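Report on the structure given below.
The values are calculated or read from the model by the stated rules, or taken from the named source; none is laboratory data. Source: prediction; values computed, not measured. Counting neighbours? That spans all protein chains shown, and the Cβs are built from the backbone with ideal geometry, glycine included.
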Amino acid sequence: MRNPITWWHTRQALNALAEGDYPRSRRMFEKLRKHKPDAQGIRHNIALTYIGEEDFEAAEPLLLAEVEDYGAYYPRLKALADMYYVWGKRVQAHEHYRRALESNDAISEERGFVERRLELTSDDETFSAAIESLGALRRGNELLDAERWQDAMNAFTQAVRHDPTNIQALNNIGTIQLNYQRDPKRAAATFRRAISWSPLPWLKRNLAQAERAKAQKAAAG
């Protein structure tokens, strides 16, 4: 039987992860890990909190240990590939995207995403676009923290121009459109574009929020 307290803490940790509160999420996952040290997925999620803070050296051994202990499962391979991608390690990213795509449990909805990432990591010249995109994403996040919404929007747009699979940049564009430009219709379209690459739960929640705002705006006339 599922322990309701463990389930609640897991949900709270995942919510904190989706909201970008990486320290809080990690603290909660570490508590779960102490309670169930052999539970699958906890190290994976702790690694995701480190990736969110760009502490790749802390994330890598956790993800590799999950693969070693529990097998080359698609989400583990893709998480490693995504980590190496944003870390700037082209060869490792390419290898893990290839393995993820070839795995028996690959998610069909993400096939286009992984195939595009394989193209972007195929050689140093194509990977330069990814590096430019990641740099623009970081600049956009800094501008977002400074509440310079339009400048942040420009940076995120540049990030997507270099790499259409930059889901974080797309999500941030949608967030600005929804919360600061008060344009839920455009925000919903942006979130759908991100979801077309990967149907992540937090993207779906953002889309639902935009759709509600769009309906409310239409009802208000």
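Quick one: is A213 part of a helix (DSSP H, G or I) and over 20 Å from E109 (Cβ atoms)? So A213 passes the test. The number of residues in the stretch 13-43 being touching a helix residue (DSSP H, G or I) at 6+ places or on another chain (Cβ under 6 Å) and either more than 18 Å from D69 (Cβ to Cβ) or among the charged types (D, E, K, R) (or both) comes to 11.
Across the stretch 120-150, the qualifying residues are those that are loosely packed, with under 15 Cβ neighbours inside 10 Å and among the acidic types (D, E), and the one among them that is nearest to A72 (Cα to Cα) is D123. Look through the stretch 196-216, keep the residues that are without any contact (Cβ under 8 Å) to a residue 60 or more places away in the chain and among the basic types (K, R), and return whichever of them is nearest to R116 (Cα to Cα). Here the answer is K204.
The set of residues in the stretch 32-65 being more than 19 Å from the chain's Cα centre (by Cα) and acidic (D, E) consists of D38 alone. Residues that are modelled with pLDDT of 95 or more, charged (D, E, K, R) and in a helix (DSSP H, G or I) within the stretch 139-194 comprise R139, E142, D151, R161, K185, R186, R192, R193, listed in sequence order. All told, E109 falls short of being at pLDDT 95 or above and either part of a helix (DSSP H, G or I) or not assigned by TED's automatic domain parsing to the domain that holds L203 (or both). Every residue in the stretch 136-161 that is in contact (Cβ under 8 Å) with a residue 24 or more places away in the chain, over 18 Å from A18 (Cα atoms) and within 17 Å of the chain's Cα centre (by Cα), please. Matches in the stretch 136-161: A136, G140, A159, V160.
Among the residues making up the stretch 29-83, those that are among the charged types (D, E, K, R), under 27 Å from E109 (Cα atoms) and in a helix (DSSP H, G or I) are R43, E60, E66, E68, D69, R76, K78, D82.
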